[in-house]
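Participant: Just dropping this structure here.
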Amino acid sequence: MDVIREKLKLLPDSPGVYIMLDGYKNVIYVGKARVLKNRVRQYFHSSEKPEKVTKMVQNIADFNYIITNTEIDALALENTLIKKYKPKYNILLKDDKTYPYIKANLKEEFPNFSITRKIKKDGCRYFGPFMGGISCKEILDTLQLTFCVRLCHTATTGKKRECLNYHIGRCPAPCAGKVSKEEYSVRVKNALNFLDGNYKDAEILLKNKMVSAAENENFELALDYKNKIEMLSKLEAKRLTTLNRYVDADIIAYASNGLYSAVNVLVTRKGIMQGGSSFALDEAHLTDGEALTGFIVQYYQNHEVPSEIICEEFCEKELLQNYFKEKFEKSVEITLAKQGDKARLLQMAKRNASEYLEKSVDKIKHKDDMTVNACRHLQELLSLKNYPRRMECYDISNISGVDKVGSMVVFIDGEADRNSYRRFKIKTVEGANDFASLQEVLTRRLDKMGTDEEEKFPKPDLIIIDGGKGQLSAVKEIFDGKNIEGIELISLAKREEEVFTLYSEESVKIPHCDYSLKMLQRIRDEAHRFAITYFRNLHSKRNLQSVLTEIDGVGKVKRIALLDKFGTLDKIMNASVEELSSVDGISLALAQKIYDYLKENL
């Protein structure tokens with residue numbers, strides 16, 4: 001604590017980011033401050049603090065700080081460092097489920113419509129998100145049936161043969177020159193109006209088509225039209241009559257019990273309630289306002305930023321508005337609703353957050369047992385020198401020495417960090433030699449340390465090898481040759497689930513009910529899955545080339561085009577004739593030929 005006391009005296013009055021470290025120099029918390037001196041000192045004063053903060057302070061052995069020009073810069077840097085270090089006491093939103101949007105590519109001469117989960121600043125228009133039981137695919141299908149716009153990505157330059165959709169009246173075939181730009185523009189305008197929430201014209205058109213199909217005794221098509229009309233009714237029923245129909249707002253509420261917290265996000269677009277999501281949080285912010293701000297900044301890294309956010313009065317309103325303006329170049333109104341319709345929506349979100357928190361507390365505790373607590377227990381069981389915060393596990397996959405691959409999976413505090421996973425294609429080993437393959441993979445991985453790539457490959461606390469004493473010895477040779485220090489090394493044998501370490505000739509047998517063993521099994525199984533997936537992808541690409549050469553009319557250029565479009569043989573086998581014919585150079589007849597051959601022979 002002497003080091004901390006001396007550093008506290010030197011803290012500046014500037015805005016910036018502070019980084020809390022534990023006894024092993026691991027980053028356990030990152031925070032931002034308007035005035036570094038005031039904020040950091042609060043952690044070490046005897047004033048009352050939330051229970052989670054008190055627990056964190058007990059683990060702080062040192063801290064660093066970075067001065068920034070403004071508090072907005074500090075907020076942005078805080079988010080960057082949280083992503084980099086994944087501190088255990090910060091809000092860590094995973095790559096949570098992102099809902100689908102419909103993208104209108106208005107940059108094209110003949111715009112197409114498609115489904116996407118990523119919004120980009122690319123001049124296109126995006127509609128959504130579609131959630132709460134509404135199928136994005138159904139909306140897109142309705143769009144095509146009603147307004148006859150194209151959904152494919154086929155280039156419209158040069159003359160092409162029209163596809164099946166043209167012949168069944170679902171696309172005017174601009175790629176084949178069957179429709180003028182002016183006529184198609186009218187279709188696009190009507191489709192955009194529909195996506196803006198004006199469903200009446202589409203409903204009238206669908207009803208007329210349903211009646212016509214029924215009169216022609218095409219009852220299956222008539223039923224399809226009927227289902228789509230019912231879907232439009234569901235959408236209309238979600239419209240909030242109290243809100244302006246052009247309002248795009250997210251309603252965000254926060255609930256906490258002092259130790260854990262939860263957030264609920266309700267999404268409205270064009271005055272329609274799309275649905276919502278709830279998040280259980282395990283963090284150690286000093287105030288609810290900081291926690292809510294931290295959540296909002298992370299959440300909108302992967303979600304559409306609306307024109308308005310309705311949230312609670314302790315939210316850091318001015319800071320967030322300036323942040324969105326500077327970082328997203330978008331003016332976002334932060335509404336601290338206290339009365340009226342927006343306040344009622346906020347209360348609805350608050351109830352959802354509180355209910356979710358109540359149900360999630362036991363899950364969070366169980367998650368701690370499966371992750372952080374399991375890491376601590378593993379350190380005790382195996383007499384590891386350091387807490388195994390970053391664990392890397394390696395596995396090799398091949399069949400008879402063909403397409404040999406290695407995998408590296410990473411767990412941070414007992415949880416998978418999928419963004420850090422890496423694959424290795426074995427380059428120097430002949431035949432099926434798993435020991436030599438492991439040595440190549442670990443050599444290549446350890447060579448990253450001390451280089452410019454170390455940021456992508458941080459030093460692990462523990463390396464786990466899938467295998468027994470032989471695999472462990474093979475990797476130890478690499479460690480000895482490179483004089484590796486500060487990294488623990490173990491292996492996990494599958495048959496008896498024995499753990500081998502460098503400290504004993506005998507294996508360590510951890511009880512099967514122990515969370516530490518279950519964590520090791522998870523990381524080992526994940527390494528195996530990741531290696532097998534990579535191997536199958538390589539193998540299927542190799543098979544793809546040989547299989548397609550057997551089909552008349554599919555030459556090298558068309559094989560490459562198919563591979564670029566679908567990637568694997570499995571995806572080509574599961575593609576429809578229509579999807580195959582969307583590949584450049586593949587006519588409808590050839591697509592049918594490929595489809596028939598694959599179904600008959602594979």
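Participant: Before we move on, is LYS83 closer than 30 Å to SER180 by Cβ, open to solvent by 40 Å² or more (accessible area, probe 1.4 Å) and at pLDDT below 90?
Facilitator: No; evaluated as a whole, the condition is false for this residue.
Participant: Filter the range 49-69 down to the residues that are among the β-branched types (Val, Ile, Thr), modelled with pLDDT under 95 and either crowded, with 18+ Cβ neighbours inside 10 Å or farther than 18 Å from ALA291 by Cα (or both) and list them by number.
Facilitator: Matches in the range 49-69: VAL53, ILE60.
Participant: Among the residues of the range 14-48, how many are open to solvent by less than 50 Å² (accessible area, probe 1.4 Å) and charged (D, E, K, R)?
Facilitator: Residues that pass the stated criteria total 3.
Participant: Name the one entry in VAL409, VAL405, VAL441 that is touching a Phe, Trp or Tyr at 6+ places or on another chain (Cβ under 7 Å) and farther than 28 Å from LYS83 by Cα.
Facilitator: Being touching a Phe, Trp or Tyr at 6+ places or on another chain (Cβ under 7 Å) and farther than 28 Å from LYS83 by Cα holds for just one of VAL409, VAL405, VAL441, which is VAL405.
Participant: Can you work out which of the residues in the range 460-479 that are open to solvent by 70 Å² or more (accessible area, probe 1.4 Å) and at pLDDT 90 or above is farthest from VAL409 (Cα to Cα)?
Facilitator: So, considering only residues that are open to solvent by 70 Å² or more (accessible area, probe 1.4 Å) and at pLDDT 90 or above, the one farthest from VAL409 (Cα to Cα) is GLU477.
Participant: Only residues in the range 178-197 that are under 20 Å from THR157 (Cβ atoms) count as the first member; pair them with residues that are assigned to a helix (DSSP H, G or I), Cβ under 6 angstrom, at least 6 apart or cross-chain, and list the lot.
Facilitator: Note: pairs meeting the criteria are TYR184/PRO174; ARG187/PHE147.
Participant: Out of LEU243, LEU281, LEU320, LEU235, which single residue is open to solvent by less than 10 Å² (accessible area, probe 1.4 Å), touching a Ser or Thr at 6+ places or on another chain (Cβ under 9 Å) and either farther than 30 Å from ILE364 by Cα or modelled with pLDDT under 90 (or both)?
Facilitator: From the options LEU243, LEU281, LEU320, LEU235, the qualifying one is LEU281.
Participant: May I pose another question? Let me confirm something: among SER360, SER400, which residue is modelled with pLDDT under 90 and within 23 Å of LEU286 (Cα to Cα)?
Facilitator: SER360
Participant: Taking the range 110-126, which residues are polar (S, T, N, Q) and under 19 Å from the mean Cα position of the chain (by Cα)?
Facilitator: Of everything in the range 110-126, just one residue is polar (S, T, N, Q) and under 19 Å from the mean Cα position of the chain (by Cα), namely THR116.
Participant: Among GLU217, GLU230, which is the only one that is of a type in the set (D, E, K, R) and at positive phi?
Facilitator: Result: GLU217 is the single residue among GLU217, GLU230 that is of a type in the set (D, E, K, R) and at positive phi.
Participant: Same structure, new question: Taking ILE72 as the residue in question, decide whether it is touching a residue at least 24 places away in the same chain (Cβ under 8 Å), open to solvent by less than 50 Å² (accessible area, probe 1.4 Å) and within 27 Å of GLU318 (Cα to Cα).
Facilitator: yes
Participant: Restricting attention to strands (runs of 3 or more DSSP E) lying wholly within the range 406-509, give those where 1 or more residues are closer than 30 Å to LEU92 by Cα.
Facilitator: 422-425, 462-466, 488-493
Participant: Looking for something under 19 Å from TYR421 (Cα atoms), touching a residue at least 60 places away in the same chain (Cβ under 8 Å) and touching an Asp or Glu at 6+ places or on another chain (Cβ under 7 Å) - is there at least one such residue anywhere in the range 517-525?
Facilitator: yes
Residues are listed down the side, and each one gets a yes or a no for (1) open to solvent by less than 60 Å² (accessible area, probe 1.4 Å); (2) over 28 Å from the mean Cα position of the chain (by Cα); (3) within 30 Å of ARG444 (Cα to Cα):
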{"position": "PHE295", "(1), (2), (3)": "yes, no, no"}
{"position": "GLN301", "(1), (2), (3)": "no, no, no"}
{"position": "PHE314", "(1), (2), (3)": "no, yes, no"}
{"position": "ALA343", "(1), (2), (3)": "yes, yes, no"}
{"position": "HIS377", "(1), (2), (3)": "no, yes, no"}
{"position": "LEU384", "(1), (2), (3)": "yes, yes, yes"}
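Participant: Does GLU453 satisfy the condition of being within 27 Å of the chain's Cα centre (by Cα) and free of Cβ contacts under 8 Å to residues at least 24 places away in the same chain?
Facilitator: So GLU453 passes the test.
Participant: Okay, next question. When only residues in the range 20-47 that are part of a loop (DSSP other than H, G, I, E, B) and polar (S, T, N, Q) count, which is modelled with the lowest pLDDT?
Facilitator: Of everything passing the filter in the range 20-47, SER46 is modelled with the lowest pLDDT.
Participant: Sticking with this one: So ILE309 clears everything in (1) touching a residue at least 60 places away in the same chain (Cβ under 8 Å); (2) part of a loop (DSSP other than H, G, I, E, B) except one condition, right? Which one?
Facilitator: The one condition ILE309 does not meet is (2).
The values are calculated or read from the model by the stated rules, or taken from the named source; none is laboratory data. As the structure is a computational prediction, the values presented were derived from the model and not from experiment. When we count neighbours, we look across all protein chains shown, and the Cβ atoms used for this are built from the backbone with ideal geometry, even at glycine. Just the protein is used for accessible areas: all its heavy atoms, side chains included, with ligands, DNA and RNA removed. Shrake-Rupley method; radii C 1.70, N 1.55, O 1.52, S 1.80 Å.
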